[in-house]
Amino acid sequence: MSVSTTLRSGLVAALALVAVPAAAHAQTYPPPLGTYYVTAQAGAVSSGGLGAKSAGAGYVANGATSSASASLTDGKLHASVNTLPDGTPSCPWYEAVICTWGGTASATMEDIVTIDPGQTDGGLVSWSFTIDGSGDNGPAFRNGWWWGSLQYDFTVGRTPKHVPSTPIPRDGSVTQFAGTIQIDKPTQVNFFMAVSVGAFNSANANFGNTFKFQWTLPSGFTYTSASGTFMSAVPSTTPTTTTPEPATFALMAGGLAALGAVTRRRDLAARVVRR
């Protein structure tokens with residue numbers, strides 16, 4: 001195989017791999033009322049779809065190991081690609097500098113959540129999306145590169161919208177996107193999150209650590225979801241009012257009684273002195 005043929009075939013393969021995540025995310029947004037979905041794609045392997053609550057995929061080919069998973073029950077996405085340091089059998093060592101090898105991985109999920117303030121006067125629901133992972137380009141002489149992007153949405157209303165794509169920080173730092181929603185009556189909220197990564201020519205993109213969703217519901221709030229499993233493995237945290245235990249009440253009563261007895265003795269002593 002000539003150098004030019006190897007280079008050309010490598011570039012074609014790379015472009016095909018980069019195009020996969022876009023196809024994996026070709027879903028109607030927001031989805032039809034009452035529906036939900038989860039997808040996972042790793043290289044040429046994909047799983048999940050409309051009505052799925054979790055999905056996972058793994059693929060080993062073209063000198064790369066790719067994996068992805070997603071679950072509505074814990075609000076977490078995982079995606080990672082690790083490439084071989086010296087190319088693939090189709091890239092001889094003496095052509096590895098100009099050859100291209102690698103892979104992609106992506107995960108997506110969406111649900112429709114109805115939040116009910118119940119008998120309360122309403123309040124703020126806090127939410128956050130956090131990405132944590134790392135990437136490296138590998139040895140400089142391999143000309144490796146990696147990329148990553150994410151999307152997230154937790155907003156009221158079902159108007160079709162474009163969810164912007166945000167590049168994953170190149171320094172691998174933990175990044176959080178957060179906000180609040182005022183809920184005064186039963187309200188539908190669209191939940192959506194997606195992550196895509198790719199790595200080529202000895203590079204690595206390890207976001208198998210996690211891209212996760214977290215939220216806090218005020219006390220007295222409840223929620224339901226189209227999937228019936230949204231965040232069921234990680235219950236929302238709610239502020240609580242501390243109520244003393246019976247033993248604490250007894251201790252408090254004993255302390256007050258003792259204080260009253262001391263006060264009465266002091267009053268009696270004072271009257272004796274005055275006489």
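A few comments on the model shown:
- Check on Pro92, modelled with pLDDT under 95 and either surrounded by fewer than 24 Cβ atoms within 10 Å (Cβ to Cβ) or β-branched (Val, Ile, Thr) (or both): yes
- Just one of the listed residues (Asp121, Asp184) is touching a Pro at 6+ places or on another chain (Cβ under 7 Å) and farther than 30 Å from Leu84 by Cβ, namely Asp184.
- Look at (1) closer than 12 Å to Ser196 by Cα; (2) at pLDDT 50 or above; (3) not hydroxyl-bearing (Ser, Thr, Tyr) and you find that Val60 fails only one, number (1).
- Odd one out for Ala205 among (1) under 30 Å from Gly87 (Cα atoms); (2) at pLDDT 95 or above; (3) of a type in the set (A, V, I, L, M): (2)
- Selection status of Thr130, of a type in the set (S, T, N, Q), assigned to a strand (DSSP E or B) and closer than 25 Å to Tyr59 by Cα: no
- Residue that is modelled with the lowest pLDDT [pool: residues in the range 209-235 that are surrounded by fewer than 18 Cβ atoms within 10 Å (Cβ to Cβ) and of a type in the set (Gly, Ala, Ser)]: Ala233
- Failed criterion for Val60 (all others in (1) over 21 Å from the mean Cα position of the chain (by Cα); (2) aliphatic (A, V, I, L, M); (3) part of a loop (DSSP other than H, G, I, E, B) hold): (3)
The values are calculated or read from the model by the stated rules, or taken from the named source; none is laboratory data. Quantities reported herein were computed from a predicted structural model and do not represent experimental measurements. Note: ideal-geometry Cβ built from the backbone for every residue, glycine included; neighbour counts use all protein chains shown.
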